[in-house]
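First the structure, in the form of C-alpha coordinates, and then the observations on it.
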Amino acid sequence: MVELMSRYFFDLHRDCLTEWDDEGTECDGSEGVLHHALELLRAAAGAEPGQQSASTVTARDNAGHVVLTATKKPRTGASVRWAGEQLSSAAPIFPLPSGSASAP
(Lines give C-alpha, C1' and ligand atoms only; values in the text may rest on other atoms or scores of the structure.)
Protein backbone atom coordinates (compact mmCIF):
# COMPACT_ATOMS: atom_id res chain seq x y z
CA MET A 1 0.00 0.00 0.00
CA VAL A 2 1.32 3.45 -0.95
CA GLU A 3 1.25 6.04 1.82
CA LEU A 4 0.39 9.56 0.71
CA MET A 5 2.46 12.51 1.85
CA SER A 6 0.74 15.45 3.51
CA ARG A 7 0.63 18.92 1.96
CA TYR A 8 2.03 21.83 3.95
CA PHE A 9 2.05 25.55 3.16
CA PHE A 10 5.22 27.56 3.81
CA ASP A 11 4.89 31.33 4.25
CA LEU A 12 8.05 33.46 4.20
CA HIS A 13 8.08 36.65 6.27
CA ARG A 14 10.94 39.17 6.06
CA ASP A 15 11.09 42.89 6.55
CA CYS A 16 7.60 44.21 5.83
CA LEU A 17 6.85 41.61 3.15
CA THR A 18 5.19 38.23 3.33
CA GLU A 19 5.20 35.65 0.55
CA TRP A 20 2.09 33.51 1.08
CA ASP A 21 2.21 29.92 -0.15
CA ASP A 22 -1.10 29.12 -1.85
CA GLU A 23 0.06 25.91 -3.58
CA GLY A 24 1.74 23.99 -0.78
CA THR A 25 4.41 21.31 -0.84
CA GLU A 26 4.04 17.62 -0.12
CA CYS A 27 6.27 16.61 2.79
CA ASP A 28 7.03 13.25 4.32
CA GLY A 29 6.38 13.88 8.02
CA SER A 30 8.04 16.33 10.37
CA GLU A 31 11.53 15.73 8.91
CA GLY A 32 10.27 16.84 5.49
CA VAL A 33 8.58 19.93 6.95
CA LEU A 34 11.74 20.91 8.82
CA HIS A 35 13.97 20.33 5.80
CA HIS A 36 11.78 22.44 3.49
CA ALA A 37 11.49 25.30 6.02
CA LEU A 38 15.28 25.42 6.48
CA GLU A 39 15.79 25.36 2.70
CA LEU A 40 13.50 28.39 2.35
CA LEU A 41 15.50 30.24 5.04
CA ARG A 42 18.76 29.37 3.23
CA ALA A 43 17.35 30.69 -0.05
CA ALA A 44 16.14 33.91 1.62
CA ALA A 45 19.57 34.47 3.20
CA GLY A 46 21.28 33.79 -0.14
CA ALA A 47 19.02 36.23 -1.99
CA GLU A 48 20.04 39.07 0.33
CA PRO A 49 23.56 38.28 1.65
CA GLY A 50 23.94 41.52 3.66
CA GLN A 51 20.45 41.32 5.12
CA GLN A 52 20.17 42.97 8.53
CA SER A 53 16.69 41.75 9.45
CA ALA A 54 15.22 38.41 10.46
CA SER A 55 13.45 36.01 8.11
CA THR A 56 10.74 33.68 9.36
CA VAL A 57 9.07 30.69 7.73
CA THR A 58 5.79 29.38 9.09
CA ALA A 59 4.55 25.96 7.98
CA ARG A 60 0.79 25.37 7.98
CA ASP A 61 -1.01 22.05 7.61
CA ASN A 62 -4.03 21.47 5.35
CA ALA A 63 -6.35 22.77 8.08
CA GLY A 64 -4.39 26.05 8.28
CA HIS A 65 -2.80 25.35 11.67
CA VAL A 66 0.80 26.51 12.07
CA VAL A 67 2.89 23.41 12.83
CA LEU A 68 6.38 24.96 12.71
CA THR A 69 8.00 28.39 12.91
CA ALA A 70 11.63 28.77 11.84
CA THR A 71 13.47 32.08 12.21
CA LYS A 72 16.88 33.16 10.94
CA LYS A 73 18.42 36.30 12.42
CA PRO A 74 21.55 37.97 11.01
CA ARG A 75 24.77 36.18 12.03
CA THR A 76 22.96 33.31 13.81
CA GLY A 77 21.62 29.88 13.05
CA ALA A 78 17.96 29.05 12.62
CA SER A 79 15.70 28.90 15.64
CA VAL A 80 12.96 26.29 15.21
CA ARG A 81 9.77 26.02 17.25
CA TRP A 82 7.17 23.30 16.70
CA ALA A 83 3.50 23.93 17.50
CA GLY A 84 2.68 22.92 21.05
CA GLU A 85 6.19 23.60 22.38
CA GLN A 86 6.43 26.17 25.12
CA LEU A 87 8.39 29.22 24.12
CA SER A 88 11.62 29.36 26.07
CA SER A 89 15.02 30.97 25.80
CA ALA A 90 16.43 27.49 25.19
CA ALA A 91 14.73 27.12 21.80
CA PRO A 92 16.73 24.83 19.50
CA ILE A 93 19.24 26.63 17.28
CA PHE A 94 20.47 24.97 14.10
CA PRO A 95 23.23 26.23 11.80
CA LEU A 96 21.95 26.79 8.29
CA PRO A 97 24.98 25.64 6.23
CA SER A 98 24.95 22.00 7.29
CA GLY A 99 21.18 21.66 7.39
CA SER A 100 21.44 18.93 9.98
CA ALA A 101 18.54 19.41 12.34
CA SER A 102 16.18 17.00 13.95
CA ALA A 103 12.43 17.08 14.09
CA PRO A 104 10.35 16.01 17.06
For the subset of the stretch 64-85 comprising residues that are open to solvent by 40 Å² or more (accessible area, probe 1.4 Å) and among the hydroxyl-bearing types (Ser, Thr, Tyr), which member is modelled with the highest pLDDT?
Thr69
Just to be sure I understand the filter: pairs with C-beta atoms under 8 Å, separated by 6 or more residues or on different chains, first member in the stretch 3-27 and in contact (Cβ under 8 Å) with a residue 60 or more places away in the chain and under 16 Å from Val67 (Cα atoms), second member open to solvent by 60 Å² or more (accessible area, probe 1.4 Å) and among the polar types (S, T, N, Q). Which pairs pass?
none
Would you tally the residues in the stretch 1-21 being closer than 25 Å to Lys73 by Cα, out of contact with any Cys (no Cβ under 7 Å at 6 or more places or on another chain) and not basic (Lys, Arg)?
12
Kindly evaluate Thr58 against the criterion of being among the polar types (S, T, N, Q), at pLDDT 95 or above and closer than 15 Å to Thr69 by Cβ.
yes
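Select from the stretch 18-49 the residues that are in a loop (DSSP other than H, G, I, E, B) and either open to solvent by less than 60 Å² (accessible area, probe 1.4 Å) or under 21 Å from Ala83 (Cα atoms) (or both) and write down the one among them that is modelled with the lowest pLDDT.
If we take residues in the stretch 18-49 being in a loop (DSSP other than H, G, I, E, B) and either open to solvent by less than 60 Å² (accessible area, probe 1.4 Å) or under 21 Å from Ala83 (Cα atoms) (or both), then Asp28 is modelled with the lowest pLDDT.
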Would you tally the residues in the stretch 1-17 being at pLDDT 90 or above and either within 18 Å of Arg42 (Cβ to Cβ) or open to solvent by 100 Å² or more (accessible area, probe 1.4 Å) (or both)?
5
Pick from the stretch 72-87 the residues that are touching a strand residue (DSSP E or B) at 6+ places or on another chain (Cβ under 8 Å) and without any contact (Cβ under 8 Å) to a residue 24 or more places away in the chain: which of them is farthest from Ala44 (Cα to Cα)?
Leu87
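The values are calculated or read from the model by the stated rules, or taken from the named source; none is laboratory data. Predicted model, so just to flag it, every value in this text is computed and none were measured. No Cβ is skipped: glycine too gets one built from the backbone with ideal geometry, and neighbour counts run over all protein chains shown. For accessibility, only protein heavy atoms count, side chains too; no ligands or nucleic acids. Shrake-Rupley method; radii C 1.70, N 1.55, O 1.52, S 1.80 Å.
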